[in-house]
Amino acid sequence: MTAQATKKKAPPTAEVGGPEDLVLYSPEEVYEKRWLPFSPRTLRDKATRREIPHSKAGGRISFSRRHVREIHAAYEVRPLRERKQPA
């Protein structure tokens, strides 16, 4: 008799666009592709401190394209003209 492992179902997410969004990249790959201006060490440090979104599947810090887009957006600076003026 063999035991089957039970898998928890991940909650559905509406933000996943396709199979390419499910691919995970190491901090080195993100750095090599020049997607973010951070070194692999900095990406790991920020992820460990939970300052940036990441995945810890398999015990390793990794990033999806969605994570990279979120990190990029978090560091975006908007012009002062776009800020709301107090009433």
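The values are calculated or read from the model by the stated rules, or taken from the named source; none is laboratory data. From a predicted model like this one, the values you see are computed outputs, not experimental measurements. For neighbour counting, all protein chains shown are included, and Cβ atoms are generated from backbone atoms with ideal geometry for every residue, glycine included. Ligands, DNA and RNA are excluded from the accessible area calculation, which covers all protein heavy atoms including side chains. Shrake-Rupley method; radii C 1.70, N 1.55, O 1.52, S 1.80 Å.
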Of everything in region 29-65, what is among the charged types (D, E, K, R), more than 16 Å from Y75 (Cα to Cα) and more than 14 Å from the chain's Cα centre (by Cα)? Give them in sequence order.
E32, K33, R41
All helices (runs of 4 or more DSSP H) inside region 22-82 with 1 or more residues being touching a residue at least 40 places away in the same chain (Cβ under 8 Å):
65-74
What number of residues within region 22-33 satisfy the criterion of being under 14 Å from H67 (Cα atoms) and open to solvent by 30 Å² or more (accessible area, probe 1.4 Å)?
6
